[in-house]
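This report refers to the structure that appears directly beneath it.
The values are calculated or read from the model by the stated rules, or taken from the named source; none is laboratory data. As the structure is a prediction and not an experimental result, all values here were calculated from the model. Cβ sites come from the backbone with ideal geometry, for glycine too, and all protein chains shown count toward neighbours. The accessibility values were calculated without ligands, DNA or RNA, using every heavy atom of the protein model including side chains. Shrake-Rupley method; radii C 1.70, N 1.55, O 1.52, S 1.80 Å.
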Amino acid sequence: MQLKINNLFSSELPSDKNITNETRQVFNSCFSYVIPRVPSNPKLVHVSTEVADLIGITAKEIQSDNFLEVFSGKKLLPNSKPYAMNYAGHQFGNWAGQLGDGRAMNLAEIEHNNKILALQLKGAGSTPYSRRADGLAVLRSSIREHLCSEAMFYLGVPTTRSLSLMLTGDEVLRDIMYDGNQAYEKGAVVCRVSPSFIRFGSFELFSAQNDNIRLQQLADFTIKQYYPKIRSKEKDKYIEFFNKVTENTLEMIVHWQRVGFVHGVMNTDNMSILGLTIDYGPYGWLEDYNPNWTPNTTDKEHRRYRFGNQPDIALWNLLQLANALYPLIEEATPLEQILGDFQLNYQKKNLEMMRSKLGLLNASEDDLKLITELEEVLQRSETDMTIFYRELGSLKKNYSLISCFKTIEVAFYKPLEIKNDILEQWERWFATYLLRLNQEQMSDEHRKAHMNKINPKYVLRNYMAQLAIDAANKDDFSIIKELHELLKNPYNEQPQFKKWYAKRPDWARKKIGSSMLSCSS
């Protein structure tokens, strides 16, 4: 492989002068140089050829020993110096201090077709930021990250990507539910790809250390490389920067809500400065429409990172970023204005998004009421979110209420009784919705085509990922490959994959990995 290395981050920002790999507090540094742990017997499980193409790796090179060795951590790219990034963060609303890449290492930044992408191994061994952990990752979490990164991209959600999934040949000891039952699992490494892995917490680190020199260096670098359209000077530059980050974060959250994605760990160290979905841990998609659901067992009591709270948490995290950038601005009013606009802009963009999901192109003053009433009845009847919105596109303007109900009843987890107040609530909603549709000029056929571009037919439900994991633990990687192909076209009918267009099965309701998950990896 002849990859063109262009390490902007490590060549322009200050490094840790201590080159040992011992766990420690690191000051005045954006990163520490590290060496990946050599795996005993690496094996390639799956590659995203589309991501390989982004960085200039050919199909022939994917099959080479060189590819296997580099992206498992066994061998370094020529002239590369891997590093782990230093950052801090708030975890579950509490200040956690220095965190950093505890099990991630940037191999290099690669330039191809006038674009620069960072390659990062996750699970390749300990770093100075590993704290009490070993820096390794297991197969189950690596499968979930590899599949979800690509699934989100094809859904149109801003995200990091995943190039490859490797087995290391080593076993890793993990307590999957933090209940004292440790067991050995297969070790794995994922190669993540992104323009940058800089986080909100990268700025929080230097602000907390009162290191305004490094804080400004990092901000100037980020603006120059990733927000080059910013032309303002002095403090106005940082205000505009914060505004752009806020806009990108808002766009990402609206997409999450559109497809029913729940991140599960929206700590500030898991928030990308580019507005990309990053760090796929205990994520999930809504099965039944439940705004209070979170996939994270660690968050089971307080449900801070539940689906319905994601916009508010994004705003809270942006507030922490504003606090971190304040030393460069020394004026609260413009930051407060941007944060205040976030709430108003989210309400506006979310309403526009929901209109699109319902096939409404023209605005009506009663649309918010229509949407609110829909969300209420969706919760009461335990309705599958993905299937409901997909099937709703098949409804026609001249349908009777009975026909409307039959169109979407496949989305119910339990049949509704004939004389039931929930059924009556559905009928009232459909009566209003039909009147609203008849205000639109679009034909039923065009509306369905429009809705099918907004409402996916296929998402990576937790039970689907778990089936792939169960098979992979038996050295069967066919489901990984099948799901990867399926999720590249989530808005298409794909009749050959119709078995995946199904509600969560009963066996998956409480099964570990198919309902809630822990952060254990």
*Being of a type in the set (Lys, Arg), within 27 Å of PRO490 (Cα to Cα) and out of contact with any helix residue (DSSP H, G or I) (no Cβ under 7 Å at 6 or more places or on another chain) narrows it down to one of LYS406, LYS369, LYS396, LYS457, so name that one.*
LYS406
_Filter segment 19-37 down to the residues that are out of contact with any Lys or Arg (no Cβ under 7 Å at 6 or more places or on another chain) and open to solvent by 30 Å² or more (accessible area, probe 1.4 Å) and list them by number._
ILE19, THR20, ASN21, GLU22, ARG24, GLN25, PHE27, ILE35, ARG37
*Within segment 390-415, work out how many residues are part of a loop (DSSP other than H, G, I, E, B) and more than 16 Å from LYS503 (Cα to Cα).*
8
*Go through ARG436, ARG447, ARG428 for me and flag whichever is charged (D, E, K, R), in a helix (DSSP H, G or I) and open to solvent by less than 10 Å² (accessible area, probe 1.4 Å).*
ARG447
*When you look at SER403, is it at negative phi and free of Cβ contacts under 8 Å to residues at least 40 places away in the same chain, yes or no?*
yes
*asked:* Considering only residues that are β-branched (Val, Ile, Thr) and within 28 Å of the chain's Cα centre (by Cα), which ones fall in segment 1-22?
replied: ILE5
*asked:* The conditions are (1) in a loop (DSSP other than H, G, I, E, B); (2) touching a residue at least 60 places away in the same chain (Cβ under 8 Å), and ASN323 fails exactly one of them. Which is it?
replied: (1)
*If a residue has to be touching a residue at least 12 places away in the same chain (Cβ under 8 Å), part of a loop (DSSP other than H, G, I, E, B) and either under 30 Å from GLU301 (Cβ atoms) or open to solvent by 20 Å² or more (accessible area, probe 1.4 Å) (or both) to count, how many in segment 228-267 make the cut?*
6
*Taking only segment 59-88 into account, find how many residues are of a type in the set (S, T, N, Q), in contact with a helix residue (DSSP H, G or I) (Cβ under 9 Å, 6 or more places away or on another chain) and open to solvent by 70 Å² or more (accessible area, probe 1.4 Å).*
0
*So which strands (runs of 3 or more DSSP E) are wholly in segment 94-192 and hold at least 1 residues that are under 23 Å from ILE480 (Cα atoms) and either touching a residue at least 24 places away in the same chain (Cβ under 8 Å) or of a type in the set (Phe, Trp, Tyr) (or both)?*
104-112, 115-122, 161-174
*asked:* Can you report the number of residues in segment 38-58 which are open to solvent by 10 Å² or more (accessible area, probe 1.4 Å), of a type in the set (Gly, Ala, Ser) and under 28 Å from the mean Cα position of the chain (by Cα)?
replied: 1
*Scanning segment 119-138 for residues that are crowded, with 22+ Cβ neighbours inside 10 Å and among the hydrophobic types (A, V, I, L, M, F, W, C), which turns out farthest from THR222 (Cα to Cα)?*
VAL138
*Name the residues in segment 483-507 that are out of contact with any Lys or Arg (no Cβ under 8 Å at 6 or more places or on another chain) and open to solvent by less than 50 Å² (accessible area, probe 1.4 Å), would you?*
LEU483, HIS484, LEU486, LEU487, LYS488, PHE497, TRP500, ALA502, PRO505
*Among the residues of segment 268-312 satisfying the criterion of being open to solvent by 10 Å² or more (accessible area, probe 1.4 Å) and of a type in the set (A, V, I, L, M), which is nearest to ASP341 (Cα to Cα)?*
LEU274
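Which residue out of LYS396, LYS357, LYS457, LYS453 is open to solvent by 70 Å² or more (accessible area, probe 1.4 Å), at pLDDT 95 or above and under 26 Å from the mean Cα position of the chain (by Cα)?
The conditions single out LYS453.
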*Hey, GLN425 more than 33 Å from the chain's Cα centre (by Cα) and in contact (Cβ under 8 Å) with a residue 40 or more places away in the chain or not*: yes
_If I ask for residues that are open to solvent by 80 Å² or more (accessible area, probe 1.4 Å) and under 22 Å from PHE206 (Cα atoms), which ones from segment 334-354 would you list?_
GLU336
